[in-house]
Each structure stands twice: as structure tokens, then as C-alpha cells.
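**Q** The structure under discussion is supplied below as C-alpha cells; questions concerning it will follow.
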Amino acid sequence: MKNKDGVFFDSAYDQAIMLPALEMCGHRARYVPKILCVYNTGNPNAVVKDRQNKQHQNMLEIRAKKPYDRKHYD
């Protein structure tokens, strides 16, 4: 997924990948209570520490995008 400038997101890319995938899954998506991914926040270069504002801006831009039309995926 690309940002408004046509460049791939450099942070919050997990949301750029997962949110469209969930939209395409539609009713087939399922909640998994088990933790499947743990972010490495111990790293001093972690995005959440290093570029927190940029990550938040990207998250807002991703979530503001028009959702996929589910009728093509059901």
C-alpha cells in the first residue's frame, strides 16, 4: 500500500498489509486469541521509539483510505 505521495509506507506497514487483507477476507476473518507477533521494543531503533509521530500519521492515513469493496471477495 502506498501513501498519498505514491511511496510505500515506511512505518505502520503492518497495518498497511493487514487491514486490506482483513477487508478482503470479509466474513471469513477470525479472531485468534493467541499472541502471534511480539514487537521488538527493546531495540533502540524500534519505529515505536524512533519515529512515533510518523508512525501515528501513517496509521491515520491508512485507516482513512477507502475500504475494499467486499462483493468482489465474497
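**Q** State which residue is surrounded by the fewest Cβ atoms within 10 Å (Cβ to Cβ) when the search covers only the stretch 11-49 and only residues that are among the small types (Gly, Ala, Ser) and more than 21 Å from residue 63 (Cβ to Cβ).
**A** Here the residue is 42.
**Q** Taking helices (runs of 4 or more DSSP H) that fall entirely within the chain, which contain at least 1 residues that are over 12 Å from the mean Cα position of the chain (by Cα) and at pLDDT 85 or above?
**A** Per the criteria, 13-25, 52-64.
**Q** Which residue out of 4, 65 is exposed (fewer than 12 other Cβ atoms within 10 Å of the Cβ) and on the phi < 0 side of the Ramachandran plot?
**A** After applying the criteria, what remains is 4.
The values are calculated or read from the model by the stated rules, or taken from the named source; none is laboratory data. All figures in this text were calculated on a predicted structure; none of them were measured in a lab. Don't worry about glycine lacking a Cβ; one is built from the backbone with ideal geometry, like all the others, and counts go over all protein chains shown.
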